[in-house]
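Trainee: Dropping the structure in here first, questions after.
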């Protein structure tokens, strides 16, 4: 077991080269930083005890991590430890931070996390992304990231990476969104496009599949954190899956795994955003729900309106017992159950986390969903699987993106330059978001 | 990347305990043995060069492996190496061997592999396993294993393990076949049952899912050996999947992954062996083909007849252009394509290997199959996936079982006692167990 709550394999682990002194030092700096994330604040003495490093080494490592602004010292260790109490070392809040961006069919979202996992900035804006086009969208994304950079700079935080979540096939190594039919995107060079629009950004920019990032977020910081076998299913206009297998993100041979929205479980007469008929998305995607629940001119269809407000309206109608809405939700629940049963039969996960709109409207979906699971899952007792609703909601992908953006620092803390000679003052006040 | 062609995770890796001298020695013995399997025969000097171990250590390790009968020395290294030619070290043939057994709906099979991957024994017998019942079947399996032990003893080989492949849910750690509906088995304690019937067997006995073992075989010794992302689909009375993800067997949280035969892609009006309707198995399993291709009283339905002969008869009719047979094969090909498209969308494998009867009759299935893939796979160019026919045929699961049975020795060569003090004579005869 790795001590890292994030699947490091997302960007590969450190190369197995010769262990010169600098390499060992970097590796040990990362070890201490990751240990503080996993195990929580503790004294230098306890870090030494936990990691097997000697005390003098730990002291030197902590001093360097303080100088790089990655950890702070202060406070006295609480009871429960052996020996005299030590000064507490903990991850620095508000310093190095990761930016996650999601671009989806009808919204853009951005969220910034610091090393402690605290949210430094958060914004979600309604946009008709297919209408905006790739150039227009990347322009809006750059604005949003610019706002995030300004906001974090104002509180003294420094972005170390940006991860962009895209609902579709992504070739991460090339920085390209290969195929995102619901956005009408094909072969969009996201990384180059953003790099050009963010000339001052000194940090790494990556692009990833949205469901993969959401799965990482659930695994790293959701209610199911640490579940070694986890399947995440997004419910937005598109439907995608992100799968954690034995604690690692399933990527597939080309990074195209988890395209559950396009398996042939849907209505054979409905055309999918991808041009095919019968994809699962045609019966469980957001548009399937809206189509069944409301006439075309109903404002819940308007992509320029805030998605959460539109879903709140659906929820209100369901609570009021509106037949058409309840029937539409029931149909989604049945079809969702058929697909989740498939995922349980294939992956035998410990937990299936339903995100996006499934999480918002979940209580109207769970009864028909569970009836289908009971009828269709081959393993007794669902093979030990539970189905839960994400509490990260629409922030799962951006949280995963921010988490991945921070991974490089946890792998190699020397990526953040030493800017201070002593401990970081404890009175820093993060600005309001 | 591990240098082992078998996913060691099947039985866990060595515990990360303190590295005392004996542990290091065992680990290095395994390293040399696995290196010889992966890299092929070579001199002590080259082993040292390849592994980074020093020459004296390698010499001592090789001497011990010779004494344990696991490697042999002889022959002179061919051109291409640096320095003076050395005596070649290679895996010993005919010594330590692993036994694989498959019990399926209408046959039992057994195959024995030595360390070199050579087949020392192979037998497949027609049996109506559901009619025999669990007790009767385990009795027949014990007879078959007894025959294998006798045959290997006659050539001086010694079994180090037995793995039994079962078509259904298996709890390996408990040694139990949890649910195998096509066998009418539920909660059958396979390991205890065989242990009782094989009192002289001093080796480990394991039970595993058949498709998982077949996937391991394809990965370890099939045409697709080493493919890091591989999906295997069995075509027998039951249909199952085994999946290699990033070089490791996908097991799932309870070991129940890969139950693709029971996803809801089949004929909603057909009852599956599991009691549900609409499982994929109802349109692609062997019985679906036979039902469509021949009347009930046709001898191709007779489970007491040899399966390969029955399939040869189907093949003959297809070659002769018999309409009903061709139509039945076409329907299977279409449904197979729908399911394989699903697996490609979900796993994004490098290769999908079709085994069992799919491999035998594959040339009649591939055209409709590929038409469905072209229509249904979301990733361009099938996401880089190929679909191939297994050349291991019905031996895939037993080969995988034998391979897994040998894994313990590759992990820890000291499991095989040293029986000779010096180099092993070619005529060595280990005592019978």
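Read the figures in this text as sums done on the coordinates, not as results from a lab. Only a predicted model underlies this, so the values are computations on that prediction, with no experimental measurement involved. Heads up, the Cβs are rebuilt from the backbone with ideal geometry, glycines too, and the neighbour counts pull from every protein chain shown.
Trainee: For chain B, build the convex hull from the C-alpha positions and give me its volume per residue in Å³. Mind dumping the intermediate values first?
Mentor: Details: hull volume 68.6 nm³, N = 433.
Spelled out: Cα convex hull of chain B, divided by residues, is 159 Å³.
Trainee: Right, another one. Return the Cα extents of the stretch B:304-356 along principal axes one, two and three, sorted largest first, each rounded to a whole Å.
Mentor: The Cα atoms of the stretch B:304-356 stretch 36, 24, 18 Å along their principal axes.
Trainee: So what is log10(I(q)/I(0)) for the stretch A:20-133 at q = 0.10, 0.12, 0.19 1/Å, when the Debye sum runs over its Cα atoms only?
Mentor: The Debye formula, applied to the Cα set alone, gives -0.42, -0.54, -0.94.
Trainee: Out of all DSSP beta bridges in the stretch B:166-211, what portion is antiparallel? Express it as a percent rounded to 5.
Mentor: Just about 90 percent of them are antiparallel.
Trainee: Over the stretch A:322-379, calculate the relative contact order: mean separation of alpha carbon pairs under 8 Å at least 6 apart, over the residue count, as a percent.
Mentor: 56
Trainee: With a ≥ b ≥ c taken as the square roots of the eigenvalues of the C-alpha gyration tensor of the stretch A:350-409, please select rounded if a/c is under 1.5 and otherwise prolate if a/b is larger than b/c or oblate if it is not?
Mentor: oblate
Trainee: Moving to a separate point now. So what is the diffusion coefficient of the stretch A:144-271 in µm² per second by Stokes-Einstein at 25 °C and 0.890 mPa s, using a Kirkwood Rh over Cα pairs? Before the final figure, lay out the partial values.
Mentor: On the way: Rh = 16.1 Å.
This corresponds to a translational diffusion coefficient of 153 µm²/s.
Trainee: While we're on this one: Please list the radius of gyration and Dmax for the stretch B:249-343, considering alpha-carbon atoms only, with Å as the unit.
Mentor: Answer for the stretch B:249-343, Rg first and Dmax second: 14.9, 48 Å.
Trainee: As an exercise, use a Förster radius of 60 Å and the Cβ-Cβ distance of residue B:76 and residue B:128 to find the FRET efficiency, rounded to the nearest 0.05.
Mentor: It comes to 0.65.
Trainee: For residue B:419, place a label point 7 Å out from Cα along the Cα→Cβ vector, do the same in each other copy, and report the separations in nm, one decimal, smallest first.
Mentor: 6.9
Trainee: If you average the sequence gap of Cα pairs under 8 Å that are 6 or more apart and divide by the length of chain A, what percent do you get for the contact order?
Mentor: 20
Trainee: Under the convention of a label 7 Å out along Cα→Cβ, give the distances in nm from residue A:375 to the same position in every other copy, shortest first.
Mentor: 2.5
Trainee: Just the Kirkwood number for the stretch B:138-179, please: inverse of mean 1/r across all distinct Cα pairs, in Å, one decimal. Spell out each step's value before the answer.
Mentor: Numbers: mean 1/r = 0.0837 Å⁻¹.
Hydrodynamic radius (Kirkwood, Cα only) of the stretch B:138-179 equals 12.0 Å.
Trainee: Among DSSP beta bridges whose residues both lie in the protein assembly as shown, state the antiparallel percentage, nearest 5.
Mentor: In the protein assembly as shown, DSSP labels about 60 percent of beta bridges as antiparallel.
Trainee: For the protein assembly as shown, taking Cα atoms only, what is the radius of gyration to one decimal and the Dmax to the nearest whole Å?
Mentor: 29.3, 88
Trainee: For the stretch A:57-206, treating each Cα as an identical point scatterer without solvent, what Debye log10 I(q)/I(0) comes out at q = 0.15, 0.16, 0.17, 0.19 1/Å?
Mentor: -0.78, -0.85, -0.92, -1.08
Trainee: Inter-copy label distances at residue B:52, 7 Å along the Cα→beta-carbon direction, one decimal in nm, shortest first?
Mentor: So the label point of residue B:52 gives 1.6 nm to the other copies.
Trainee: Helix A:366-376 against the longest principal axis of chain A: what's the angle in degrees, Cα atoms only, rounded to the nearest 10?
Mentor: That helix lies at roughly 80 degrees to the long axis.
Trainee: Pairs of alpha-carbon atoms within less than 8 angstrom and 6+ residues apart define the contacts here; what relative contact order does the stretch B:281-370 have, in percent?
Mentor: Across the stretch B:281-370, relative contact order equals 33 percent.
Trainee: Find the centroid of the Cα atoms in the stretch B:297-350 and in the stretch B:41-60, then give the distance between the two in whole Å.
Mentor: 50
Trainee: Moving on. Between residue A:291 and residue A:150, what FRET efficiency comes out of the Förster formula 1/(1 + (r/R0)^6) with R0 = 35 Å and r the beta carbon distance, rounded to 0.05?
Mentor: Numbers: r = 40 Å, r/R0 = 1.14.
Working from the Cβ atoms, E equals 0.30.
Trainee: Same structure again: Under a 10 Å cutoff between Cα atoms, tell me which one of A:374, A:411, A:109 has the largest fluctuation in the Gaussian network model of chain A.
Mentor: Looking only at A:374, A:411, A:109, the largest GNM fluctuation is found for A:374.
Trainee: Hey, another quick one. Give me the inter-chain shielding for B:333-345: mean count of other chain Cβ atoms within 10 Å, whole number please.
Mentor: Values: counts 0, 0, 0, 0, 1, 3, 2, 0, 3, 9, 2, 6, 13.
Rounded to a whole number, the mean comes out at 3.
Trainee: How shielded is A:258-266 by partner chains, expressed as the average number of their Cβ atoms within 10 Å of its Cβ atoms? Please report the intermediate quantities before stating the final value.
Mentor: Values: counts 4, 10, 4, 2, 8, 12, 10, 4, 0.
Mean shielding count: 6.
Trainee: Could you tell me how far the Cα centroid of the stretch A:142-180 sits from the Cα centroid of the stretch B:220-271, in Å?
Mentor: Their Cα centres are 36 Å away from one another.
Trainee: Report the calculated FRET efficiency for residue B:119 and residue B:306 (r = Cβ-Cβ distance, R0 = 25 Å), to the nearest 0.05.
Mentor: 0.80
Trainee: Using a 10 angstrom cutoff on alpha carbons, build the Gaussian network for chain B and name the most mobile of B:382, B:162, B:115.
Mentor: B:382
Trainee: Could you work out the pair-distance distribution P(r) of the stretch A:225-391 from its alpha-carbon pairs, with 5 angstrom bin width and percents rounded to whole numbers?
Mentor: 2, 9, 18, 22, 21, 15, 9, 4, 1, 0
Trainee: Return the percentage of antiparallel bridges among DSSP beta bridges fully within the stretch B:226-391, rounded to the nearest 5 %.
Mentor: 45
Trainee: Another question, then. With each run of n ≥ 4 DSSP H residues scored as -39500 (n - 2.57), what mean residue ellipticity at 222 nm is computed for the protein assembly as shown after dividing by its residue count and rounding to the nearest 500 deg cm²/dmol?
Mentor: On the way: 26 runs with 334 residues, N = 866.
The helix contribution divided over the protein assembly as shown gives -12000 deg cm²/dmol.
Trainee: Between residue A:135 and residue A:391, what length in nm is gained on full extension when 0.36 nm per residue of separation is reduced by their alpha carbon distance?
Mentor: My answer for the length gained is 88.9 nm.
Trainee: Still on this model: Select from A:290, A:213, A:113 the residue whose mean-square fluctuation is largest in a Gaussian network model of chain A (Cα-Cα springs shorter than 10 Å).
Mentor: A:290
Trainee: Now for a separate question. Each label point is 7 Å from the Cα along the Cα-to-Cβ direction; what then is the distance between the points at residue A:87 and residue B:267, in nm?
Mentor: 7.7
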